[in-house]
Each structure stands twice: as structure tokens, then as C-alpha cells.
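Notes to accompany the following structure.
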Amino acid sequence: MSTWQLSTKQKKSALEIQFWWKDGQVITREEGYRWGKFTYVGEGEPEVDLDNPHGFLLDSDWELDYLDDGCWSSWEFPDDMSDEEREKIQDAWDAEFYEGMDELGWSNDDTEFWFHGPLLLEKTD
């Protein structure tokens, strides 16, 4: 077994996308970070295009080490969701994060992590 770390080379290249469900509706919250690092433990070197022209989805083979310095976030709502409901969701997140969303009945059932731009892969053992 060997351990590898994958990180971004350029700032503002790490992305977390949270998927929230409630009553058949889906909303997403996207947060961008200046830097990020994930760890892979397995047999041999992981297959990664270090030029990364189309983005790299960090699947379950990778473990989050850190995402550093969140610098933007945005929400995507269904077109038919009222402005009042959108504001309620954003206020709940700003006040209580995950607990606020839970109190409103939203469930975070999936999260994706993406790296964009050139990547650095280093063997750590």
C-alpha cells in the first residue's frame, strides 16, 4: 500500500457541491476554496490527469485532508421556488449551517468535491 496526496496548484481551484433534498425538490450549494488537498491510499499510483483540463471529481477513493480559505458560495434553486423560501434557506444556513437546514427539513444526501486546473500529486510514504 502507498499513500498519495493530491492538491491544487492554483488558488481558487477547489470546489464543494452539496446536494439537498426535501419533498421531491433538490437545491445545491456550491462553495469555492483557494486551496485543497485529498489523500489516496492504495496499490500503486492513482490515475490522475495532472493537467486537468476538464476538472477532477474526487470520488470515494479519496479522503479529504483539507479545503482552505472558502472564498465564494452560491445556491441553485428550482425555478418555481419562491423568493421567500430561498431567503429562509439562506438565512438558516448563515445562522446554523447544517443544523439550520435540518430544522427546515432539508437532507444533505450527497456532496461532490472537484479540483480544477493543474494538480500536484505527491507520494507521502
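Quick note: the coordinates plus some simple rules give every number you see, no bench work behind them. Please read these numbers as outputs of a predicted model, since none were measured by experiment. Glycine gets a Cβ as well: all are built from the backbone with ideal geometry, and neighbour counts include every protein chain shown.
The table below gives the values:
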read-out: Residues being surrounded by 15 or more Cβ atoms within 10 Å (Cβ to Cβ) and farther than 14 Å from residue 115 by Cβ - total across segment 1-18; value: 1
read-out: In segment 98-125, the residues that are aliphatic (A, V, I, L, M) and crowded, with 17+ Cβ neighbours inside 10 Å; value: 101, 119
